[in-house]
1. What about Lys106, is it assigned to a loop (DSSP other than H, G, I, E, B), basic (Lys, Arg) and closer than 21 Å to Ala156 by Cα?
2. Consider Asp525 against the criteria (1) on the phi < 0 side of the Ramachandran plot; (2) crowded, with 22+ Cβ neighbours inside 10 Å: it satisfies all of them except one. Which criterion is unmet?
3. Starting from residues that are under 26 Å from the mean Cα position of the chain (by Cα) and open to solvent by less than 60 Å² (accessible area, probe 1.4 Å), keep the ones in region 115-132 and report whichever is nearest to Phe83 (Cα to Cα).
4. Restricting attention to region 282-336, report how many residues are under 27 Å from Gly235 (Cβ atoms), in a helix (DSSP H, G or I) and not β-branched (Val, Ile, Thr).
5. For the subset of region 45-76 comprising residues that are over 30 Å from Asp321 (Cβ atoms) and in contact (Cβ under 8 Å) with a residue 12 or more places away in the chain, which member is least open to solvent (accessible area, probe 1.4 Å)?
6. Which of the residues that make up region 294-348 are more than 22 Å from the chain's Cα centre (by Cα) and of a type in the set (S, T, N, Q)?
7. Quick one: in region 369-398, of everything that is more than 31 Å from the chain's Cα centre (by Cα) and touching a residue at least 40 places away in the same chain (Cβ under 8 Å), which residue is most open to solvent (accessible area, probe 1.4 Å)?
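The values are calculated or read from the model by the stated rules, or taken from the named source; none is laboratory data. Not measured: the values here are computed from a predicted model. Cβ sites come from the backbone with ideal geometry, for glycine too, and all protein chains shown count toward neighbours. To get the accessible areas, we keep the full protein, side chains included, count just its heavy atoms, and leave off ligands, DNA and RNA. Shrake-Rupley method; radii C 1.70, N 1.55, O 1.52, S 1.80 Å.
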Amino acid sequence: MSRSSRRQALKALAGLSAYGAMPSLAGAAADGKPVPPYKDPKLPVDARVKDLLSRMTLEEKVAQVIALWATKKDVLADGTSDFSAAKAAKAYPHGFGQVTRPSDRKGAPDIPGTRWRTPADTIGLVNDIQRWAVNETRLGIPVLFHEECLHGYMAAGSTMFPMAIAMSGSFDPDLVRRVNAVIAREVRAHGSRLVLSPVVDIARDPRWGRIEETFGEDPYLCGEMGVAAVLGLQGEGRGALAAGHVYATQSGENVGPAFIPERELRDAFFPPFREVVARTGIRSVMPSYNEIDGVPSHVNRWLIGTVLRGEWHFDGAIVSDYFAVEQLASLHHVARDDDDAAVHALEAGVDCELPDGTAFRALPGLVRAGRVPESAIDAACARVLALKFRAGLFEAPYADEAQAASITDNDEARALALEAARRTLCLLVNDGTLPLAPGAHKRVAVIGPNAGIARLGGYSGKPRHAVSLLDGVKARLAGKAEVAFAQGMHITQSEEREADDVRLGDPVKNRALIAEAVEVVRGCDVILLAIGDTEQTSREAYSANHLGDRTGLDLVGDQNALFDALRAVGKPLVVLAINGRPPSYPNVAAKANALLECWYPGQEGGTAMAEAIFGDVNPGAKLPVTVARDVSQVPLYYYAHPTPRIDPVEGGDVPLFPFGFGLSYTTFEIAAPRLSAARIRSGESVVVEVDVRNTGSRAGDEVVQVYVRDRLASVVRPAKLLRGFARVSLAPGESRSVRIPLDARAFSLWNAAMKEVVEPGLFDILAGANSRDLRAATLEIVAA
């Protein structure tokens, strides 16, 4: 998570005791009725929480730590998707704390093909529920609504930006912050104040379908991007409250166990979360589904209590992942039943249960049976109430339909989505074929299963418009060249993004489509081939029949067959990888004239891809992951500990593409790093200065990357670690000196006694354009 001077926003609930003698009334409303202190916005949040909590019954407290999702049917008028105050009062006489994803129709009568509410319907539902909660429940506590917002507000009509892994490849934290500020603006305008984003997990295994949701493999990069995302979402209390997520599976399978020793957790997996907590004042964190060393995260007192709340001083709410409390019994078998799961999760520090509060609903009875102390309910409820006060719900619980319509997917948002798509394109192979000159080729073939459709990736809403590669190329070449299209093959048999039953394309039909594509390209001058993943083949594997998690890394289905058939025609072949996982395509990388990694580029992706193909945009992104040649190399990440390889002849640890790699239409020269001091004391900082020059004929971007290598340490250290970066734009012939400060944390390690220290010794300070091609300077650290 992150670092900042907002420590005051992280004061623990222990501070509430200072208001124990507060008077029971704060003033009077316009009608002369007394106003309780918890409704006074001038009072501190902890004082308001203390007062409100003192007025609540046990049932009202428990109501605040549950949510409604499938159970939305309990509060909807029969046969409709409209809220019913009468049904709500009957089903939830003590209120309810949260609603899960008001934008979807969960709980409403099924209408085939209709998953989403319209924006107006969403706002209507939110406001109807809030009117009931504020005006018709005993204490008038507003409801907290949350949404999925991984790379855009996951609802109908919202703006969809590039996927998280693409945003990380931009190496542009400011861009990430600005994108997330727009996401927060759109989701808040529709009435939701909590978002389940960002994911700052370290992703080392590309078999894992959710790698697309992450910021890649590097702890420092993930931390910087996570900080930027949360600051964009929360701002200074004006945006949506963010819920980070803790995940660290080693198996490449969703929910798989993680057998990770403590030092590795602290060295690699914890740093992004620690950064976000320290620098952003994040208000909520979500534990992972999986177990760590045999202990599921939702009952891991060391993880939640000792580390997160203790060492890092996090005082926000812990919200469960969907169904994860129930899975303590059904999957992990560390609880006898749902009641037992509720007891264990609450004791570990989980404050509210998503998506429906199935297990937590039993808490009043468990308190009366003596299995749960009411003080534990008080602590959880207090943190949820603090979320609501900090989100401003007591003062402004309602959404404004006109405002939402004016700011959602407007010109500003679309322009930012296009800027983001441009800055996330990563050129991996180019023999000089790119960029193409518009009009230089009379007939351009646009081929492939990802050419005629805008792939958005997982956790995507349905934007009002989206631009495919075919759309973008046609628009760019209008009046200059003819564009021919062929499907080439189908990756899966359906294009329904949320389909549970995933089947690969029919090989017989695909052979016919490949033959058809070959005939189309024979009459063309150049081929643009769009291949990669779909939202069905790279995704969160929440069902046993999904292809989200993989056993292999190469292209699925008949895509290699399509590539080989087109390559055999002998025309220049440009491949656009549109995907959610690293492009481990050795056949394509070896034979394509050019390979452009586009990831899932968002709703404006087709325009950006066309601009890059024809030279209007010079790709400048880098890979936020190491790309393996073969699945046998996994796990393969650049900062692994130095170990011997038994059979280096078969590739060993040589990746297809290294971390931080990316080409340009121009060339750059990066000089050896210079240090502000050759020797510093332990605990001091040093500034690394690096000169970079554009030696080519086009303007372009380079990412200067600074790594640190500890030459001798008391415990085994990674080969190198990214500790700073800067993306710079340079005109032809232009030079710039980049200054990157390294503080004491850049040199720290967790020693044999599990203490974080900086050990005196020699360090290599490495600078370059990727994790492989680096130049060095030497720094000596002496004892303080």
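1. yes
2. Condition (2) is where Asp525 drops out.
3. Ranking the qualifying residues of region 115-132, first place goes to Val126.
4. Result for region 282-336: 3.
5. Ala47
6. Scanning region 294-348 gives Asn300, Thr306, Gln327, Ser330.
7. Glu374
Okay, residues lined up against (1) of a type outside the set (A, V, I, L, M); (2) open to solvent by less than 10 Å² (accessible area, probe 1.4 Å); (3) over 27 Å from Thr626 (Cα atoms):
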| site | (1), (2), (3) |
| --- | --- |
| Arg188 | yes, no, yes |
| Leu196 | no, no, no |
| Arg204 | yes, no, no |
| Gly223 | yes, yes, no |
